[in-house]
Amino acid sequence: QVQLVESGGGLVQPGGSLRLSCAASGRIFIIYTMGWYRQAPGKQRELVAGITSGGSTNYAESVKGRFTISRDNAKNTVYLQMNSLKPEDTAVYYCNAEAKRVVTDPRYVSWGQGTQVTVSS
């Protein structure tokens, strides 16, 4: 499988900003969609934002206008710029990627280990 490693989480005050990064490594033929999900305590994991290899994006309604997803295909890395953070954004954020290791593989989805984002004063 493709390995995904997230970084950039932490503690931030309401209204602040954080930038998450997720780097993919291992044997990679192609990465299709990459995305960010989050899971708050007692809640289901939810999609935050996704981006295709061509750069098309989609966002959860709750983060539109505040979060921006981007990717660097040469580095197999996806980013999530989070601005105007709110306490309700507090969660563990997970990166995922749909990829193939070799051309004959089926598509499969890999997940990172998660990074904690806490928004609190």
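The values are calculated or read from the model by the stated rules, or taken from the named source; none is laboratory data. Predicted model, so just to flag it, every value in this text is computed and none were measured. Because the Cβ atoms are built from the backbone with ideal geometry, glycine has one as well, and the counts that use them run over all protein chains shown. The protein model used for the area step is the full one, side chains on, heavy atoms only, and it has no ligands, DNA or RNA in it. Shrake-Rupley method; radii C 1.70, N 1.55, O 1.52, S 1.80 Å.
Each residue in the stretch 24-45 was checked for being over 19 Å from T57 (Cβ atoms), among the small types (G, A, S) and in contact with a Ser or Thr (Cβ under 9 Å, 6 or more places away or on another chain), and 2 of them qualify.
The one condition from (1) in contact (Cβ under 8 Å) with a residue 24 or more places away in the chain; (2) within 21 Å of V109 (Cβ to Cβ); (3) over 12 Å from the mean Cα position of the chain (by Cα) that S62 does not meet is (2). Only residues that are farther than 16 Å from I31 by Cα, out of contact with any Ser or Thr (no Cβ under 7 Å at 6 or more places or on another chain) and either open to solvent by 60 Å² or more (accessible area, probe 1.4 Å) or not in a strand (DSSP E or B) (or both) were counted in the stretch 65-88, giving 5. Taking the stretch 1-31 as the range and being of a type outside the set (S, T, N, Q) and assigned to a loop (DSSP other than H, G, I, E, B) as the test, the residues that pass are V2, G8, G9, P14, G15, G16, G26, R27, I28, F29.
Among (1) over 15 Å from the mean Cα position of the chain (by Cα); (2) of a type in the set (A, V, I, L, M); (3) open to solvent by 40 Å² or more (accessible area, probe 1.4 Å), which single condition is V109 missing? Among (1) over 15 Å from the mean Cα position of the chain (by Cα); (2) of a type in the set (A, V, I, L, M); (3) open to solvent by 40 Å² or more (accessible area, probe 1.4 Å), V109 violates only (1). Return the pairs, sorted by first residue and then second, in which the second residue is open to solvent by 40 Å² or more (accessible area, probe 1.4 Å), the first residue lies in the stretch 96-121 and is without any contact (Cβ under 8 Å) to a residue 24 or more places away in the chain, the beta carbons are less than 6 Å apart, and the residues are 6+ apart or on different chains. Every condition considered, the pairs that remain are V109/E98.
Residue-by-condition table, conditions (1) free of Cβ contacts under 8 Å to residues at least 40 places away in the same chain; (2) open to solvent by 60 Å² or more (accessible area, probe 1.4 Å):
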position: G9; (1), (2): no, no
position: V12; (1), (2): no, no
position: R38; (1), (2): no, no
position: E46; (1), (2): yes, yes
position: G55; (1), (2): yes, no
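Go through the stretch 45-64 and report how many residues are part of a strand (DSSP E or B) and either among the aliphatic types (A, V, I, L, M) or touching a His at 6+ places or on another chain (Cβ under 9 Å) (or both). So that I can check it myself, show each step before the final result.
Kept after step one, since they are part of a strand (DSSP E or B), are these residues of the stretch 45-64: 46-51, 57-59.
Next, only the ones that are either among the aliphatic types (A, V, I, L, M) or touching a His at 6+ places or on another chain (Cβ under 9 Å) (or both) stay: 47-49, 51.
Qualifying residue count, the stretch 45-64: 4.
This table checks each residue for (1) among the hydrophobic types (A, V, I, L, M, F, W, C); (2) modelled with pLDDT of 95 or more; (3) in contact with a helix residue (DSSP H, G or I) (Cβ under 7 Å, 6 or more places away or on another chain).
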{"position": "L4", "(1), (2), (3)": "yes, yes, no"}
{"position": "I28", "(1), (2), (3)": "yes, no, no"}
{"position": "Q44", "(1), (2), (3)": "no, yes, no"}
{"position": "E61", "(1), (2), (3)": "no, yes, no"}
{"position": "P87", "(1), (2), (3)": "no, yes, no"}
